[in-house]
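Only one structure is covered here, and it is reproduced in the block below.
The values are calculated or read from the model by the stated rules, or taken from the named source; none is laboratory data. Since this is a predicted model, take the numbers as computed values, not measurements. All Cβ positions, even for glycine, are placed from backbone atoms using ideal geometry, and neighbour counts span all protein chains on display. Keep in mind that these areas ignore ligands, DNA and RNA; they rest on the heavy atoms of the full protein, side chains included. Shrake-Rupley method; radii C 1.70, N 1.55, O 1.52, S 1.80 Å.
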Amino acid sequence: MKGVLATDRRGVRELGAEELVGWDEVTQGVVLNSFDIELENVAHIPPEERPYSDFNSYTATVASWRVIKPVYNRDICIDCQNCWVWCPDTSIISRDKQMLGIDYDHCKGCGVCVEVCPTNPKSLLMFAEAEDPEAALAKWPEKKKKEKK
Amino acid sequence: MAITSIKNLKEFSTVNERFEGAHLLCPGCAHSMIVRELMNATDDNLVIATNTGCLEVSTAVYPYTSWDTSWIHIGFENAATAAAGAEAMYKARKRKGTLKDPDAPVKFVAFGGDGSTYDIGFQWLSGAVERGHDFTYICLDNENYANTGGQRSSATPIGAHTTTAQAGRVSYGKKQKKKDMVAIMAAHGAPYVAQLAPNKWKIMAKGFQKALETEGPCFINTVSACTTEWKFDPKDTIHITDLATDTLMFPIYEIIDGHELNILYRPKNVLPVEEYLAAQGRYKHLFKPENKHVIEKIQKDINDFWEYLQRREEARV
């Protein structure tokens with residue numbers, strides 16, 4: 001998990017924490033560079049190897065939006081990637097067809113990943129933001145038996 | 001032409017994402033699901049124009065950008081114009097031989113909300129499609145002006161409550177029907193026009209790839225469930241979209257060359273439209289006894305439209 005979140009600049013700044021400027025100081029028309037250098041074939045470079053600039057929202061965080069957070073249970077996960085395809089915040093980290101974990105700097109706690117998880121019990125569940133991940137894993141529910149008709 | 005494999009989700013998930021997190025869209029917003037899917041469906045270079053709307057104000061909040069591709073923000077009506085202009089310049093420079101890498105594959109994409117597609121940018125979109133530029137226009141249809149507080153647009157369906165078509169003692173919300181934008185764009189003779197939904201990820205990714213590969217102007221209308229204005233819990237975005245496609249409120253289909261219609265998804269069990277309406281706060285007034293006739297009308301419209309789609313698919317004209 002640590003190796004994937006390689007850039008140590010990630011998540012260091014809070015959005016909206018910058019100093020505000022007045023109307024007469026605002027520049028009209030702005031070009032923001034996503035990367036520090038001119039980068040070609042971005043689609044062939046994995047995120048951890050890209051030279052993100054400070055303008056890229058990859059280096060920012062929205063973690064303070066969350067009141068509940070998803071916790072991931074590797075033991076139950078079947079790597080179906082449903083959570084990956086439907087995550088609106090690019091916060092499910094998948095590499096080589098494997099689900100590695102959740103990017104808590106960009107997750108807003110919407111809970112879509114939990115809803116689309118097909119395993120029994122679910123391998124992603126929502127817990128309070130303050131909950132310790134280890135304690136959350138210890139509370140994991142048992143497999144539900146199918147109701148007999 | 002390099003295209004990402006979408007055979008199954010595991011293979012699809014190996015792509016390198018180009019849409020970054022920490023944008024400011026609401027939690028559970030379907031806009032970013034659709035944008036991610038488009039950008040993941042291809043590994044060609046992308047030039048994207050986005051006009052004003054939720055997507056634009058949330059992904060380019062100074063000093064941040066969430067886009068790892070060339071991206072331009074432009075006025076409310078001009079996404080199609082900007083994409084068309086960039087495409088025309090690209091072609092001209094290719095002809096003159098002034099491009100740095102003339103063989104690099106480039107695709108031009110424009111994103112607009114339903115307000116800017118159905119109402120404000122309609123004339124400009126129509127012009128760009130008529131001129132036949134090689135670009136793909138994607139409408140993120142959340143059926144209202146969500147960015148400015150949920151006003152009605154011509155994409156808002158009949159009976160929905162919006163801040164400028166309020167439901168109350170005198171009115172049951174918007175009284176007019178939704179405009180059939182897909183048919184209008186097909187009537188332009190665009191080579192590929194489709195209506196897609198993010199819950200059917202494979203159909204959607206295939207549609208995006210087809211549109212990007214097709215030369216000429218392509219239009220795709222995508223259903224984007226809005227947790228704030230449709231009033232449902234953020235976690236239910238995919239569930240609501242499932243209901244939308246399974247009640248046939250949003251049939252998924254494509255029209256090729258303006259006439260060849262294919263239905264891309266037929267629900268196994270078609271649900272009554274009440275299930276879709278009851279799941280959202282914007283329709284809750286319809287369940288009062290005096291508004292029962294509106295639900296009946298919505299159901300009748302859906303049945304008629306589905307019948308129309310099936311007949312057109314059979315007729316191949």
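General observations
- Spatially proximal lysines relative to residue B:174 (Cα-Cα < 23 Å; intrachain offsets below 8 disregarded): B:231, B:284, B:288, B:292, B:297, B:300
- Carbon + sulfur, % of accessible area of the protein assembly as shown - ligands and nucleic acids excluded, 1.4 Å: 53
- Charging the Cβ of each Asp and Glu at -1 and of each Lys and Arg at +1, and nothing else, the dipole of the protein assembly as shown about its Cα centre rounds to 1660 debye.
- Our coupling estimate for segment B:33-50, obtained by passing each phi through the Karplus curve with A = 6.51, B = -1.76, C = 1.60 and θ = phi - 60°, is 4, 5, 5, 4, 5, 4, 5, 7, 6, 9, 10, 6, 5, 10, 10, 10, 10, 10 Hz, Gly and Pro reported as x.
- Remark: spin-label model distance residue A:95-residue A:120 equals 3.4 nm, labels positioned 7 Å along the Cα→Cβ axis.
- Whole-Hz couplings from phi, Karplus 6.51/-1.76/1.60, listed for segment B:121-137; x for Gly and Pro: x, 4, 4, 6, 5, 4, x, 5, 5, 5, 6, x, 5, 8, 8, 10, 9
- Mean projected area in nm² (Cα convex hull; one quarter of hull surface) for the protein assembly as shown: 25.2
- In segment A:100-118, burial by the other protein chains removes 40 Å² or more of 1.4 Å probe accessible surface, compared with the chain on its own, from A:108, A:110, A:112, A:115.
- Solvent-accessible heavy-atom area per residue, rounded to whole Å², over segment B:184-225 at 1.4 Å: 26
- Per residue, segment B:43-98 exposes an accessible area of 41 Å² to a 1.4 Å probe, with every protein chain left in place.
- Dipole check for chain B: with +1 at the C-beta of Lys and Arg, -1 at the C-beta of Asp and Glu, and the Cα centre as origin, the magnitude is about 380 Debye.
- With 18 Å as the limit on Cα-Cα distance, the pairs of A:108/B:206; B:107/B:206; A:108/A:139 that go past it are A:108/B:206; A:108/A:139.
- Considering all C-alpha pairs of segment B:9-315, those separated by over 27 Å amount to 40%.
- For segment A:83-92, Karplus couplings with θ = phi - 60° (6.51, -1.76, 1.60), whole Hz, Gly/Pro x: 5, 5, 6, 9, 5, x, 10, 6, 9, 9
- Between residue B:123 and residue B:95, full extension at 0.36 nm per residue minus the direct alpha carbon distance yields a gain of 7.2 nm.
- In nm, spacing of pseudo-spin labels at residue B:151 and residue B:180 (7 Å Cα→C-beta vector): 2.8
- Accessible surface buried once A binds B (1.4 Å probe; total of both sides; Å²): 4000
- The modelled label-to-label distance between residue A:143 and residue B:215, using points 7 Å beyond Cα along the C-beta direction, is 5.6 nm.
- Interchain or long-range residues, amide H under 5 Å from residue B:192's placed H: B:219, B:257
- Of the residues B:308, B:58, B:287, the one whose Cα sits farthest towards the positive end of the charge dipole of chain B is B:287 (charges of +1 on Lys and Arg Cβ, -1 on Asp and Glu Cβ, taken about the Cα centre).
- Against the main long axis of the alpha-carbon atoms of chain B, helix B:79-96 sits at an angle near 20°.
- Taking amide H positions as modeled 1.01 Å from N, with prolines and chain starts lacking one, the residues under 5 Å from residue A:95 and 5 or more places away or on another chain are A:100.
- Under 16 Å from the Cα of residue B:200 - lysines, other chains or at least 8 residues apart: B:7, B:10, B:210, B:268
- DSSP-defined beta bridges in the protein assembly as shown - what % are antiparallel, rounded to 5: 45
- Evaluated at q = 0.15, 0.22, 0.26 Å⁻¹: base-10 log I(q)/I(0), Debye formula over Cα of segment B:193-281: -0.59, -1.05, -1.29
- Once C-alpha pairs closer than 8 Å and six or more residues apart are averaged by separation and normalised to the residue number of chain B, the relative contact order reads 15 percent.
- Annotation: amide H-H contacts under 5 Å for residue B:165 (H modelled 1.01 Å from N, sequence separation of 5 or more, or interchain): B:152.
- nm² value of the averaged projected area, convex hull over the Cα atoms of segment A:63-140: 4.7
- Helix axis angle, B:292-315 relative to chain B longest principal axis, alpha carbon, degrees: 40
- Whole-percent P(r), segment B:1-124, all Cα pairs, 10 Å bins from 0: 12, 38, 35, 14, 1.
- Estimated from helices alone, the mean residue ellipticity of chain B at 222 nm is -10500 deg cm²/dmol (sum of -39500 (n - 2.57) over DSSP H runs with n ≥ 4, per residue).
- Diffusion of segment B:90-209 by Stokes-Einstein, at 10 °C in a medium of 1.306 mPa s and with Rh set to the Kirkwood radius over alpha-carbon pairs, works out to 95 µm²/s.
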